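The values are calculated or read from the model by the stated rules, or taken from the named source; none is laboratory data. Quick caveat, the model's predicted, so the values are computed rather than measured. Neighbour counts are summed over all protein chains in view; Cβ atoms, including those assigned to glycine, are modelled from backbone coordinates with ideal geometry. Each accessible area value is taken on the protein alone, full model and side chains, heavy atoms only, with ligands, DNA and RNA left out. Shrake-Rupley method; radii C 1.70, N 1.55, O 1.52, S 1.80 Å.
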Amino acid sequence: MSDEDAIIEREAGLSKALTRAQITMIGLGGAIGTGLFMGSGIAIGYAGPAVVLSYAIAAFIAVVMVFSLSEMAVMHPAAGSFGVYAETYLNPWAGFTVRYTYWFAQVIAVGGEAVAAGTYMTYWSPGVPVWIWSLAFALVLLFVNSRSVKNFGTFEYWFAFIKVTAIVGFIILGGAAIFGVGQPAVGFHNLVGLPGGFMPHGFHGVWMGVIMAIFSFIGIELIAVTAAETPDPRTAIPAALRSMALRLGLFYLLALTIVVSFVPWTQTGAKVVAQSPFVRVFAHTGVPYAAGVMNFVVLSAALSSMNTDIYLGARMMFSLSRGDYAPRLLGRLSREGAPIAAIVFTGGFILAATTVSMFTPLAYNYLFGVSLFGAIFVWIVILISHLAFRRRHRAQDLPVRMPFFPALQIAGLALLAAILVTMGLDTEFWDISWIVGVPWLVVLSAAYFLWKRPRALRRPR
């Protein structure tokens, strides 16, 4: 058995119960989060109507990354996914840092989404403290993940279905309002007729919109992680990818075109985020209780993010354990084939992050900075791993091939590096990611070189 096969084989044993339909919806759900419904207003404030270009650039980066990742996932379906590929095709340090960074990012993200979900619930039950809802949601979704991957897939399918249905409904109703179906036409005046025209803040505004947009797509890498729990990844993953890429492009670009055509960009932005632009469109088109409907949608989006982040965090910790980078207990599986110990361990840190985010928001902001920095770091390592992967495998031997290799990967790397640099230079909002992200990698690297003694690959357990 080759070293590559040994690394992949050590993660065997997970239940293979996810269907092609579930994978497609899971991929869509991973890329459609509260960032589109709530955060899009901030991106519009930066870029104006040209926010469509911002999201198109971010979507390009995301598609290049996930197709490159999926080339490797189809060849080597493993729970540790990109962490395993970094270890296999780059070096053990890369696999170690990527998996721990991604695990930590998921823990922080779930803590934040739990608080967000609790906050959304105050719309209907203002007398119940946020922390009660946050804790309840976290415990329920930890239980769901601890049962079987089929349970996770079923819950995530319906969470994603709610988001997709909301976007499709939004596109239909918004399009009808713009073209005047049954009512006076809104038209496209807001696209080019306001001060500054289509690109009021120039390319700088578009680029700042890209940074906001890229974080809307964080989670799309989930589809490659599911390859380890799919009966036939060689057919399921490519089919899901094609469907997901097409739908994501349509959903994001059409939805945002409707938003900036409907809502003057001057009425959105970082200082005007009390109401999602989606709520305004729904209300204008006559949807009863538009604010309540949208609150339900963003609550579903938050719960979906929590569900997938728990799944991802547990798989990363399971993979670390199987690679001897974490206690062996965390690599054990339940009778249903779920990494129950890794889920419980990850859940403990999630509850701690939830507590920190509620009682010391400043400290949580620093933790969240690691998550922001880590997300871009992980995507960069994925693309570098793919370049190394292609040096070992001939293109004609691959079941799935990314076209225009390596031009697209190099372009994606250049754009991600530029985003990371911009985040470090922007002292108003993003520089916290560098302030805490770089020290995080230094500490993590020190832990690896000091505490991980060199050893030969263990045989699969």
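Worth pointing out:
- Considering the conditions (1) aromatic (Phe, Trp, Tyr); (2) at pLDDT 80 or above; (3) surrounded by fewer than 22 Cβ atoms within 10 Å (Cβ to Cβ); (4) on the phi < 0 side of the Ramachandran plot, residue 404 is excluded by exactly one of them, (4).
- Test: residue 372 is open to solvent by 40 Å² or more (accessible area, probe 1.4 Å), in a helix (DSSP H, G or I) and out of contact with any Lys or Arg (no Cβ under 9 Å at 6 or more places or on another chain): no
- Qualifying residue in segment 163-175 (condition: touching a residue at least 24 places away in the same chain (Cβ under 8 Å) and on the phi > 0 side of the Ramachandran plot): no
- In segment 120-155, the residues that are touching a residue at least 12 places away in the same chain (Cβ under 8 Å), over 22 Å from residue 223 (Cα atoms) and not hydrophobic (A, V, I, L, M, F, W, C): 120, 123, 134
- Any helices (runs of 4 or more DSSP H) falling wholly within segment 185-272 and containing at least 3 residues that are open to solvent by 20 Å² or more (accessible area, probe 1.4 Å): 189-192, 202-214, 233-262
- Candidates are the residues of segment 427-448 that are out of contact with any helix residue (DSSP H, G or I) (no Cβ under 6 Å at 6 or more places or on another chain), in contact (Cβ under 8 Å) with a residue 12 or more places away in the chain and open to solvent by less than 80 Å² (accessible area, probe 1.4 Å); the one that is farthest from residue 63 (Cα to Cα) is 445.
- Residue satisfying all of: in segment 13-24; open to solvent by 20 Å² or more (accessible area, probe 1.4 Å) and either within 19 Å of residue 266 (Cα to Cα) or aliphatic (A, V, I, L, M) (or both); nearest to the chain's Cα centre (by Cα) among these: 21
- Pairing each residue of segment 56-72 that is among the charged types (D, E, K, R) with any residue that is part of a helix (DSSP H, G or I), provided the two are 6+ apart or on different chains, yields C-beta distances under 9 Å for 71/386; 71/389; 71/390.
Rundown of residues vs (1) over 22 Å from residue 217 (Cβ atoms); (2) at pLDDT 95 or above, yes/no style:
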{"position": "376", "(1), (2)": "no, no"}
{"position": "391", "(1), (2)": "yes, no"}
{"position": "413", "(1), (2)": "no, yes"}
{"position": "457", "(1), (2)": "yes, no"}
{"position": "461", "(1), (2)": "yes, no"}
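- In segment 359-369, the residues that are hydrophobic (A, V, I, L, M, F, W, C) and either open to solvent by less than 60 Å² (accessible area, probe 1.4 Å) or within 19 Å of the chain's Cα centre (by Cα) (or both): 363, 367, 368
- Identity of the residue in segment 33-44, open to solvent by less than 20 Å² (accessible area, probe 1.4 Å) and either over 26 Å from residue 426 (Cα atoms) or assigned to a helix (DSSP H, G or I) (or both), that ends up modelled with the highest pLDDT: 44
- If you go through segment 116-129 and keep only what is open to solvent by less than 30 Å² (accessible area, probe 1.4 Å) and not hydroxyl-bearing (Ser, Thr, Tyr), you end up with 116, 117, 118, 121.
- Pair list, Cβ under 6 Å, 6 or more apart: segment 361-389 residue within 21 Å of residue 432 (Cα to Cα) and of a type in the set (A, V, I, L, M), other residue in a helix (DSSP H, G or I) and open to solvent by 50 Å² or more (accessible area, probe 1.4 Å): 370/440
- The set of residues from segment 53-88 being open to solvent by 10 Å² or more (accessible area, probe 1.4 Å) and in a helix (DSSP H, G or I) comprises 53, 56, 57, 59, 60, 63, 67, 75, 87, 88.
- For residue 132: the one exception among (1) surrounded by fewer than 15 Cβ atoms within 10 Å (Cβ to Cβ); (2) of a type outside the set (Ser, Thr, Tyr); (3) part of a loop (DSSP other than H, G, I, E, B): (3)
- Here residue 348 passes the criteria (1) open to solvent by less than 50 Å² (accessible area, probe 1.4 Å); (2) not in a helix (DSSP H, G or I) except the one numbered (2).
- In segment 316-345, the residues that are more than 16 Å from residue 12 (Cβ to Cβ), among the hydrophobic types (A, V, I, L, M, F, W, C) and open to solvent by 30 Å² or more (accessible area, probe 1.4 Å): 329, 340, 344, 345
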